[in-house]
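Scroll down for the structure; my scribbles are underneath it.
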Amino acid sequence: MFSKCQQAAALVAAAALAVCAVSPALAHHSFAMFDQAKISTKVRATVSEFRFTNPHSFVVVNVKEGNGVTRYALECSSVNMMSRAGWKHNTLKAGDTVDITFYPLRNGKPGGMLKTIKVADGRMLSGW
């Protein structure tokens, strides 16, 4: 039989293992910041920056609104998921004109989650 000390050590080890197993799930954020009930449709934009990075890529665009220009940061999926959908590190470059659809931020600030983008060569790509 095991001593009380050995039983306690086994219990602590099991608890530590359980915490390690769920920690990746705890690290991911919610998508509640995006209003997925609304879609900003077919917005013409100019690419300012494309960050093909993990854990999430970003497309930063400038959109003409009235007499000014508004900068939008649009969150995308991971490099792995985007690569499988046809994206490459050089899919977008600064100055490209694109058509985008996205789920806006709930707080009304410029930005959101990219749904689709029509790139300069005519391809339609998904942000997720």
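The values are calculated or read from the model by the stated rules, or taken from the named source; none is laboratory data. Small disclaimer: the values here were computed from a predicted structure and weren't measured. Glycine gets a Cβ as well: all are built from the backbone with ideal geometry, and neighbour counts include every protein chain shown.
Structure notes:
- Residues of region 88-112 satisfying the condition of being within 26 Å of Ala37 (Cα to Cα) and either of a type in the set (Asp, Glu) or in a loop (DSSP other than H, G, I, E, B) (or both): Asp99, Arg106, Asn107, Gly108, Lys109, Pro110
- No other residue among Val79, Val63 is at pLDDT 95 or above and within 14 Å of Trp128 (Cα to Cα) apart from Val79.
- Subset of region 107-128 (residues that are among the basic types (Lys, Arg) and touching a Lys or Arg at 6+ places or on another chain (Cβ under 9 Å)): Lys118
- Annotation note: of Gly95, Gly108, Gly112, the sole residue that is modelled with pLDDT under 95 and on the phi > 0 side of the Ramachandran plot is Gly108.
- Condition met for Lys115 (closer than 18 Å to Phe34 by Cβ and in a strand (DSSP E or B)): yes
- Residue match in region 32-40 (condition: modelled with pLDDT under 75, surrounded by 12 or more Cβ atoms within 10 Å (Cβ to Cβ) and not in a strand (DSSP E or B)): yes
- Only one entry in Val43, Val59, Val63, Val69 is surrounded by fewer than 14 Cβ atoms within 10 Å (Cβ to Cβ) and in a strand (DSSP E or B), namely Val69.
- The set of residues in region 72-124 that are free of Cβ contacts under 8 Å to residues at least 12 places away in the same chain and either in contact with a helix residue (DSSP H, G or I) (Cβ under 7 Å, 6 or more places away or on another chain) or buried (at least 18 other Cβ atoms within 10 Å of the Cβ) (or both) is empty.
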